[in-house]
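Novice: Just passing along the structure, written as structure tokens.
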Amino acid sequence: MSGPVEVLTVEETYRADQAAIQAGVQGFQLMENAGRAVAEALDKRMERGCVAVLCGPGNNGGDGWVAARHLQRKGWQVRLASMVDREKLKGDAAHHARQWHGTVEELSPAALDGADAVIDALFGAGLSRGLHGAVRDVVQAVRRRRVPVFAVDVPSGVKGDDGQTLGDVAVEARATVTFFRKKPGHLLMPGRKLCGEVILADIGIPQNVLHDIVPATFENVAALWRARWPWRRPDTHKYDYGHAVVFGGVEATGAGRLACRAALRGGAGLVSVAVPSAVLPVYATGMPSLITMALDGEEAFGELISDTRKNAFLIGPGAGVTATTRWRAESLLDTGRAVVLDADALTVFRDEPAALAAAIRGPTVLTPHEGEFRRIFPDLRGDKLTRARKAAYATGAVVLLKGYDTVIAAPDGRAAINTNAPAELATAGAGDVLAGILLGCLAQGMAPFDAACAAAWLHGQSAQGFGPGLIAEDLPDRLPTALRQIEVQS
Ligand SMILES: NC(=O)C1=CN([C@@H]2O[C@H](COP(=O)(O)OP(=O)(O)OC[C@H]3O[C@@H](n4cnc5c(N)ncnc54)[C@H](O)[C@@H]3O)[C@@H](O)[C@H]2O)[C@@H](O)CC1
Ligand SMILES: Nc1ncnc2c1ncn2[C@@H]1O[C@H](COP(=O)(O)OP(=O)(O)O)[C@@H](O)[C@H]1O
Ligand SMILES: [K+]
């Protein structure tokens, strides 16, 4: 299924290229392999016809000249348009441009006439400013004409490091062929959408160049944490898989119930819900495997958390933005045991990231959506990956910043981008289910970064294939199927 777990920044990609070259791989050979991979990707996916190959001034353009040569050989009619005179090209790009024996057109919308497909080899990793002038006109024309685009490395106008567009125009590709490892921009929005299908090509960079690069960003595939998934072992009993506690709401009871069911399905040995006795029946009904605990007053709360067998807590869903929620959240964090802070238990720290950081002692995961994140960290700027990393570093917690491109960041700098969540998850209560799965993972003793990655993946996986009509209640009961995929999916 999906490929390697490591994701490289633009700078790390350049280092990988350089390390390969130092190890004896010729630069022009890397470019040859890259361009050939692009040609093959297009040739495999479309009927042969006319292709416009748009080449930029750098090495991305160089890949284009190579692709043009291979496509012509395969029988495509090729129109090559270059941003700059061939004589002005340098290095490997100049070398490959000399191997092109067809005509060379000036870059203009006219170069697209008759094209059934476009190869976007204008800018890749080296994009340093927004598109303007002739190149902007051509990209706009490509968009208008809706010709399928195959982008080289990244769609021109998209930044490899964060998936944001530089300037106001960017290529929207049907497929993007990239090399050796993906970049964050292939996975983060809007880059992910603009890339279309991402095809990873091996261009001969040896795997061992990663030893020196030590990547800190990953795609959240099961291979990232599978080795540490707490499979049931024969010589164990339920207490070996933890005792999770959900602090349920009084008025909003659905959120806590969804989380409890997800924690049970996610594998926690025992799950208790702690709520005032008046609402206990609401939680008990329909979920006999759930332990219900009456929580009437703060003394009962103190007693409950003093039981050290209860090793993972979830507070927030349905909790209410109240002083009690804040006080309880701080008390739970103070135990040093595993805590998930979600929803209202995040909002109670509005504008107070320092107070939150000061309260965190043990394995903690914060699960904000963008709105909750902004409330706690109004001063953190930048792309999603950067902001999640900064928040994790500032608080000492693992931060799971939700959305189509959920980012999970650890205080030590590691970060994973989740890619399996279908948009049907945009439904009330989906976040409560995620918090419950995560609680289950933590109760079973997973380290918080692994637990958060596993939970995000299982959440996405359990929603896969359902299609329109998905509601949060559907998710927990689809977890067993998702769990079986852990071993299957790479
Ligand atoms: N050995 C390597 O380094 C390899 C690199 N490869 C290709 O090389 C690409 C990176 O090449 P480069 O570093 O040359 O970068 P690019 O080809 O992406 O662009 C760099 C050039 O464009 C100019 N530029 C940047 N933004 C501009 C804008 N908005 N308007 C006008 N000019 C602009 C820069 O000044 C520079 O001349 C990768 O994306 C990949 O496609 C592949 O050939 C594989 C091997
Ligand atoms: N467009 C989307 N595509 C994929 N996943 C999404 C999308 N929108 C929301 N989600 C996921 O669904 C969950 C919603 O959580 P949240 O916003 O807290 O809602 P709620 O509190 O109603 O459950 C998160 O896991 C989020 O990542
Ligand atoms: K490109």
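Novice: Quick one: which of 141, 125 is in contact (Cβ under 8 Å) with a residue 12 or more places away in the chain and either within 16 Å of ligand 2 (Cβ to nearest atom) or under 24 Å from residue 389 (Cα atoms) (or both)? Even if it seems obvious, please write down each step before you answer.
Specialist: Numbers: 141 fails: either within 16 Å of ligand 2 (Cβ to nearest atom) or under 24 Å from residue 389 (Cα atoms) (or both).
Result: 125 is the single residue among 141, 125 that is in contact (Cβ under 8 Å) with a residue 12 or more places away in the chain and either within 16 Å of ligand 2 (Cβ to nearest atom) or under 24 Å from residue 389 (Cα atoms) (or both).
Novice: With respect to residue 109, is the statement that it is surrounded by 15 or more Cβ atoms within 10 Å (Cβ to Cβ), within 23 Å of residue 138 (Cα to Cα) and away from ligand 1 (no atom under 11 Å from the Cβ) true? Spell out the reasoning first.
Specialist: Working: surrounded by 15 or more Cβ atoms within 10 Å (Cβ to Cβ): yes; within 23 Å of residue 138 (Cα to Cα): yes; away from ligand 1 (no atom under 11 Å from the Cβ): yes.
Yes.
Novice: Against the condition surrounded by fewer than 23 Cβ atoms within 10 Å (Cβ to Cβ) and within 15 Å of ligand 3 (Cβ to nearest atom), how does residue 192 come out, does it pass? Give the steps one after another, and end with the answer.
Specialist: On the way: surrounded by fewer than 23 Cβ atoms within 10 Å (Cβ to Cβ): yes; within 15 Å of ligand 3 (Cβ to nearest atom): no.
No; evaluated as a whole, the condition is false for this residue.
Novice: Please go through segment 278-300 and pick out each residue that is assigned to a helix (DSSP H, G or I) and closer than 25 Å to residue 267 by Cα.
Specialist: Just the residues of segment 278-300 that are assigned to a helix (DSSP H, G or I), to begin with: 278-284, 298-300.
Selection gives 280, 281, 282, 283, 284.
Novice: Out of the residues in segment 337-366 that are touching a Gly at 6+ places or on another chain (Cβ under 7 Å) and farther than 16 Å from residue 247 by Cα, state the one that is surrounded by the fewest Cβ atoms within 10 Å (Cβ to Cβ).
Specialist: Checking each candidate, the answer is 361.
Novice: Tally the residues that are hydrophobic (A, V, I, L, M, F, W, C) and either free of Cβ contacts under 8 Å to residues at least 40 places away in the same chain or not assigned by TED's automatic domain parsing to the domain that holds residue 142 (or both), restricting the search to segment 156-193. Walk me through how you get there before you give the answer.
Specialist: Residues of segment 156-193 hydrophobic (A, V, I, L, M, F, W, C): 158, 166, 169-171, 173, 175, 177, 179-180, 187-189.
Checking the rest, the ones that are also either free of Cβ contacts under 8 Å to residues at least 40 places away in the same chain or not assigned by TED's automatic domain parsing to the domain that holds residue 142 (or both) come to 158, 166, 169-170.
Summing the residues that are hydrophobic (A, V, I, L, M, F, W, C) and either free of Cβ contacts under 8 Å to residues at least 40 places away in the same chain or not assigned by TED's automatic domain parsing to the domain that holds residue 142 (or both) in segment 156-193 gives 4.
Novice: Looking at 409, 421, 447, which is the one that is of a type in the set (Gly, Ala, Ser), away from ligand 2 (no atom under 11 Å from the Cβ) and under 16 Å from the mean Cα position of the chain (by Cα)? Spell out how you get there, then give the answer.
Specialist: Values: 421 fails: away from ligand 2 (no atom under 11 Å from the Cβ); 447 fails: under 16 Å from the mean Cα position of the chain (by Cα).
Sole residue among the options that is of a type in the set (Gly, Ala, Ser), away from ligand 2 (no atom under 11 Å from the Cβ) and under 16 Å from the mean Cα position of the chain (by Cα): 409.
Novice: When you look at residue 462, is it modelled with pLDDT under 95, over 13 Å from residue 398 (Cβ atoms) and either away from ligand 1 (no atom under 16 Å from the Cβ) or not basic (Lys, Arg) (or both), yes or no?
Specialist: It is false that residue 462 is modelled with pLDDT under 95, over 13 Å from residue 398 (Cβ atoms) and either away from ligand 1 (no atom under 16 Å from the Cβ) or not basic (Lys, Arg) (or both).
Novice: Out of (1) under 19 Å from residue 405 (Cα atoms); (2) among the acidic types (Asp, Glu); (3) not in a loop (DSSP other than H, G, I, E, B), what's the single condition that is false for residue 137?
Specialist: With respect to (1) under 19 Å from residue 405 (Cα atoms); (2) among the acidic types (Asp, Glu); (3) not in a loop (DSSP other than H, G, I, E, B), residue 137 is out only on (1).
The values are calculated or read from the model by the stated rules, or taken from the named source; none is laboratory data. Only a predicted model underlies this, so the values are computations on that prediction, with no experimental measurement involved. Using ideal geometry, Cβ is built from the backbone for each residue, glycine included, and neighbour counts are taken over all protein chains shown.
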